[in-house]
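Colleague: Quick one: the structure is below, questions incoming.
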Amino acid sequence: MDKIELMATSTFGMEALVKKEINDLGYKIKEVKNGRITFEGDLQAIARANLWLRTAERVLLKIGDFKARDFDQLYEGVRSLNWPQWLPENAEFPVSAKSIDSKLSSVPTCQSVTKKAVVDRMKAEYQRDWFDEDGPLYPIELALYKDRAILTIDTSGTGLHKRGYRELSVKAPIQETIAAGMVYLSRWDKDRILIDPFCGSGTILIEAAMMAKNQAPGLKRKFNSEKWPIFNDFEWPRARVEAKKAKKINVEPRLIMGYDQDSEAISIARYHAKQAGVEDIIHFQEQKFKDFSTNRKYGYIITNPPYGERMGEKEEVEELYREMGEKFRKLETWSYYIITSHSKFEELFGKEASKRRKLYNGGVETQYYQYYGPWPPKN
Ligand SMILES: C[S@@+](CC[C@H](N)C(=O)[O-])C[C@H]1O[C@@H](n2cnc3c(N)ncnc32)[C@H](O)[C@@H]1O
């Protein structure tokens, strides 16, 4: 098969991280635009990207793109694409659409025109009038942006943030893809101490520990495209074996430690770490932030404290941010990284961040405040 075009989607602010991850997997980036990172690969790339990308939302297979200013152009454009190359006779192919700044703004009509065009192309190819759609799933997406139509098939299924380890719920967990992005942005590595004093269900530390073990985030879950008959050369099993072999077994990070005042959150964090296969390298302990102290040096704090968005919580959280400022500022050799939606964070914390970055955590606009500490002396 010739090269195929894939698109990894990401939430706002994460594009550069997704691009780097794709480069590290060895694929050529073609374009980075509007939360979509287009890259070139082969069939195996579908499996590898789904298994390995930590900061992307989904991996879409690009079928084609063209100008579509009216429904005739849309119908003809969709019909001309080679759907039967991918969709078997029994494929289930629901169509979703979105339209931004385009003449074709009626999403339901765009969806039904697209569906009709795909069905007509399939009818011509398979010489039949009716499709039961009782086979593997091929979610088709039409994305219209400034009158340009992009047609893709979702190879992932559930979003890639669903790694498969987070079964139980706590209050305000951070999205796994954002947690992974926070760790990447901090440039933490396993030879430095890592602490999350508001660890909740442990997501940030679990993502960090999976990185330390070079563990593919998708190993514990299934993906849409695993059932596609086009993968007849064992691309998926081969990618899974590659990922299993890449996992480092005897990793001993310096120290990865999570604290929370909520004992139930700590139990859940321990359970999730076990599900993720990283319980051997993370320690969790119930502790209130007022009791937090350390005399270690050159550590990292990466954390997602409460935001104080709920009624009655604001004052308490503001006091907590002041306390964080007092404690963290005393850790002169440490680097600390805090995500919050609170607009006065730096003021309350009492120090301007070395760098800020806008990120969306589960749709909520937040800032990631990054305070760089010094490098440890070279031994
Ligand atoms: C936004 S949640 C963290 C969620 C976490 N990142 C996750 O993915 O599950 C904030 C956490 O801070 C904890 N917390 C709030 N105030 C605290 C305090 N004073 N001391 C310790 N933990 C506190 C809460 O119990 C909650 O689990």
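The values are calculated or read from the model by the stated rules, or taken from the named source; none is laboratory data. Not measured: the values here are computed from a predicted model. Methodologically, a virtual Cβ is constructed for each residue, glycine included, from the backbone with ideal geometry; neighbour enumeration extends over all protein chains shown.
Colleague: I want to confirm something. Restricting to segment 31-74 and keeping residues that are over 23 Å from residue 214 (Cβ atoms) and among the small types (Gly, Ala, Ser), which single residue is modelled with the lowest pLDDT?
Modeller: 35
Colleague: Starting from segment 158-175, keep only residues that are in contact (Cβ under 8 Å) with a residue 40 or more places away in the chain, then list their pairs with residues that are within 12 Å of the ligand (Cβ to nearest atom) and charged (D, E, K, R) whose Cβ atoms are within a distance under 8 Å, requiring at least 6 positions of separation or different chains.
Modeller: 161/176; 162/176; 163/176; 166/176; 170/262; 170/264
Colleague: Is it true that some residue in segment 167-176 is closer than 16 Å to residue 257 by Cβ and either within 15 Å of the ligand (Cβ to nearest atom) or touching a strand residue (DSSP E or B) at 6+ places or on another chain (Cβ under 7 Å) (or both)?
Modeller: No.
Colleague: Which condition from (1) assigned to a helix (DSSP H, G or I); (2) in contact with a strand residue (DSSP E or B) (Cβ under 6 Å, 6 or more places away or on another chain); (3) without any contact (Cβ under 8 Å) to a residue 12 or more places away in the chain is the one that residue 24 breaks?
Modeller: Of everything listed in (1) assigned to a helix (DSSP H, G or I); (2) in contact with a strand residue (DSSP E or B) (Cβ under 6 Å, 6 or more places away or on another chain); (3) without any contact (Cβ under 8 Å) to a residue 12 or more places away in the chain, residue 24 misses just condition (2).
Colleague: Can you name the residue in segment 244-270 that is out of contact with any Pro (no Cβ under 9 Å at 6 or more places or on another chain) and of a type in the set (Asp, Glu) and is also farthest from the ligand (Cβ to nearest atom) among such residues?
Modeller: 252
Colleague: Could you list, in sequence order, the residues of segment 190-216 that are touching a helix residue (DSSP H, G or I) at 6+ places or on another chain (Cβ under 8 Å) and modelled with pLDDT under 95?
Modeller: Across segment 190-216, the qualifying residue is only 190.
Colleague: Anything in segment 44-98 that is more than 21 Å from residue 18 (Cα to Cα), among the basic types (Lys, Arg) and part of a loop (DSSP other than H, G, I, E, B)? List them, or say none.
Modeller: Of everything in segment 44-98, just one residue is more than 21 Å from residue 18 (Cα to Cα), among the basic types (Lys, Arg) and part of a loop (DSSP other than H, G, I, E, B), namely 69.
Colleague: List the strands (runs of 3 or more DSSP E) that sit entirely inside segment 271-379 and contain at least 2 residues that are within 16 Å of the ligand (Cβ to nearest atom) and either surrounded by 16 or more Cβ atoms within 10 Å (Cβ to Cβ) or among the basic types (Lys, Arg) (or both).
Modeller: Once the strands (runs of 3 or more DSSP E) in segment 271-379 are filtered for at least 2 residues that are within 16 Å of the ligand (Cβ to nearest atom) and either surrounded by 16 or more Cβ atoms within 10 Å (Cβ to Cβ) or among the basic types (Lys, Arg) (or both), what remains is 300-303, 335-340, 355-361, 364-371.
Colleague: Can I ask one more? Looking at segment 129-236, what strands (runs of 3 or more DSSP E) fall wholly within it and have at least 2 residues that are in contact with a Phe, Trp or Tyr (Cβ under 7 Å, 6 or more places away or on another chain), farther than 30 Å from residue 291 by Cα and among the hydrophobic types (A, V, I, L, M, F, W, C)?
Modeller: 148-154
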